[in-house]
Each structure stands twice: as C-alpha cells, then as structure tokens.
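What follows is calculated from the coordinates using simple rules that are stated; it is not laboratory data. Remember, predicted model here, so these are calculated numbers, not experimental data. No Cβ is skipped: glycine too gets one built from the backbone with ideal geometry, and neighbour counts run over all protein chains shown.
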Amino acid sequence: MNTDNMELLKSVANNPNADSEILSKVIELVDNNQKQQLNLIKKEKEEEKEKQEKYNNDRLNLFAKMEIIKKVNKGFLGAFASLDDVLTIIKPALTENNFFITFKSKTEILSDKNCVMHVTCILKHITGLSESSTVTSTTAKLSKATEVQETGATLTYLRRYVLLLVLGTSASEKDLDAITYTENQLIESADKMKTQQKRAELKKIMRDKNINVEWVKDVAKKLFFSNDNDIKTDSIDIKELDHTQITKIINIAN
C-alpha cells in the first residue's frame, strides 16, 4: 500500500464521525485502487515483454537475411564495400523487419589542424527500442585535399564502419582500411575539377586573343610530344590534356 493510501486510511480512522461502515468502504476503495495500480504495472510489463520479443524476433530475422557484403572497391590492402553499397544492400532487409538507421556525428577541435570525430549509428525499431555503436577517429590527412574533403572522407568512412559494427555484419574476413581508396578518389576528383577550370580559362584566353585551336595543338606537340614522332599535331585532342599541361599552355599564351 502506498503512502497516499495509508494517509487516507489514517485520516478516516482518526475521524470521530467516521463509523465502521465508512471505514470499510474506504478500505475497499483503497484495495481497488491498489489493484488498479498493480494491474497497470502488470500490463506495462507485459507490453514491454511483447516489445522486447518482437524486437528480438525481428533482429534475428534481420541478422539472418543480411548478406555478406560484397567488397567491390579497392582499398589499401584489398577490396571493401562502400557506404552506398552497404545501405543499398541492407535497406530491403531493414524495412521488412521494421528497422531503420540514423547517424549522429560530433566533432571536437583539438588544434587548428587537428580534430576528432565521433560517429554513432543507431538501429531503431518500430517498437521504440534501439541499439547503437560509436566509433572515434582523428580526421584523415589526405594529400591534395581540402579540409572539407578530409572531413567528408573521414565521416563517410566512419559511418560505413560503425554501420557494419552495429549490424554485426562482416564485410569480409577482415575489415580493411578504406581511407587510402578515399584519398585516391578525392585526388582524382580534385584533378578533374582543376582540369575543367583550366580548360575554361584556356578557352577564354583563346577567345580574347583570337588564338585558334591549331596554335594550341602546335604548342602542345612541342611541349609534351616532341619526342614522339608517331603523334601528329592534328591528332592531338585538347580535351585529353590535364590541368598541368593546360597551365603551361596558358602561361605561353599570356
């Protein structure tokens, strides 16, 4: 019997105007209230048990349906599955078993050029139950990449890693480091962007100074293919020149 019920009984018992009949009714009322509270507690426990059982069943089904993730991209020592690959493969199994994934990330600045990233993956269920895993890493230092690109690369890698961790799914016998692949990908992307920018700059100079394509090809032949007699000036494709080569041509044109 809780404190409120005890106080009610004491109050009635100490009331000189309350006879035994009134006291009996109060006792019955208190007993009913106590029963309601116990039934409510029982119901809540039963509901929690049902939720847990449903969660466990769906979790087992999810685990059973998870395929071994195919490693399709090349990494530092071998192949690995990208974040997009993992999400694409697991989405149908998640939906079928009433799960969905969310990510949380936090960055701590340690110094001007160094920071730590915390990434949490939360596996949520329709019952409201969930489980999560968190991984922490310093931001990857990638050559020829901006700070934003380094942050993005690290975030993507950690999300993939913690996603596999919370699912308990092995990508292969060993979960190999993917940062090197990401670095190569970023470098390739940065080079492509620089080339596009330099190509646009060269086109503007050609328009402004009335420089024709033949002149550009002739310069390219002398700078880059002078030792290759098999390459003719007319066969040179300006679109195949990289940003370093185009920059040299621009310097001569100016």
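Overview of results
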read-out	value
Greater than 24 Å apart at Cα, pairs in 45/104; 91/141; 203/248; 141/248; 221/248	45/104; 91/141; 141/248
Chain lengthening between residue 231 and residue 115 when straightened (0.36 nm per residue, less Cα-Cα)	36.8 nm
Counted charge near residue 95, where neighbours are those whose Cβ lies closer than 14 Å (Asp, Glu -1; Lys, Arg +1)	+1
Label-point gap, in nm, between residue 104 and residue 214 - each point 7 angstrom along Cα→Cβ	6.9
Positive-end residue, the stretch 191-253 charge dipole about Cα centroid, Cβ charges, pick of 210, 226, 245	210
Potential lengthening between residue 57 and residue 223 on full extension [0.36 nm per residue; Cα-Cα distance subtracted]	52.9 nm
Under 11 Å, Cβ to Cβ, from residue 245 - net charge with Lys/Arg +1 and Asp/Glu -1	+1
Segment residue 200-residue 96, length gained on full extension (0.36 nm per residue, minus Cα span)	32.5 nm
Sites residue 141 and residue 248, calculated FRET efficiency, Cβ-Cβ separation with R0 41 Å, nearest 0.05	0.90
